[in-house]
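As structure tokens, the structure follows; a few thoughts come after it.
The values are calculated or read from the model by the stated rules, or taken from the named source; none is laboratory data. All values derive from a computational prediction rather than experimental measurement. For neighbour counting, all protein chains shown are included, and Cβ atoms are generated from backbone atoms with ideal geometry for every residue, glycine included.
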Amino acid sequence: MKKKQHPTDKRTMLIFLSAKAKATKQQINQAILKELTSCDFEGMDLPELMAQLTNLQNRLDTINQKN
């Protein structure tokens, strides 16, 4: 991943994926969709969906910290 400051808006950081990340994007998206599907997100009300997404983000953060 590469980070670069936006040329006209200094508050904004542009993030670019590496070639490896781009190659694994589909697998990552499939894994996220599988997780969302397993918790039946389409049948949830909004607060429950937000709680599940927060839980998912926390789990992803834990995985990222291990690497």
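Name every residue in the range 34-67 that is surrounded by 10 or more Cβ atoms within 10 Å (Cβ to Cβ), of a type in the set (D, E, K, R) and farther than 24 Å from Ala21 by Cβ, in order of residue number. Hits for the range 34-67 are Asp40, Glu48.
Scanning the range 40-49 for residues that are over 17 Å from Arg59 (Cβ atoms) and in a helix (DSSP H, G or I) yields Glu42, Gly43, Leu46, Pro47.
Out of curiosity, is Lys10 within 18 Å of the chain's Cα centre (by Cα) and either over 25 Å from Asn64 (Cα atoms) or not polar (S, T, N, Q) (or both)? It is false that Lys10 is within 18 Å of the chain's Cα centre (by Cα) and either over 25 Å from Asn64 (Cα atoms) or not polar (S, T, N, Q) (or both). Within the range 4-21, no residue satisfies the criterion of being within 18 Å of Asp61 (Cβ to Cβ) and at pLDDT 85 or above. Hey, could you check the range 23-33 for residues that are free of Cβ contacts under 8 Å to residues at least 12 places away in the same chain and surrounded by 10 or more Cβ atoms within 10 Å (Cβ to Cβ) and say which is farthest from Met1 (Cα to Cα)? Here the answer is Leu33. Please indicate, with yes or no, whether at least one residue in the range 5-20 is surrounded by fewer than 10 Cβ atoms within 10 Å (Cβ to Cβ), part of a helix (DSSP H, G or I) and without any contact (Cβ under 8 Å) to a residue 60 or more places away in the chain. Yes, that holds for at least one residue. Scanning the range 29-51 for residues that are touching a helix residue (DSSP H, G or I) at 6+ places or on another chain (Cβ under 8 Å) and either on the phi > 0 side of the Ramachandran plot or among the β-branched types (Val, Ile, Thr) (or both) yields a count of 1. Looking at Thr54, Thr24, Thr37, just one residue is among the polar types (S, T, N, Q), assigned to a helix (DSSP H, G or I) and at pLDDT below 80, and that residue is Thr37.
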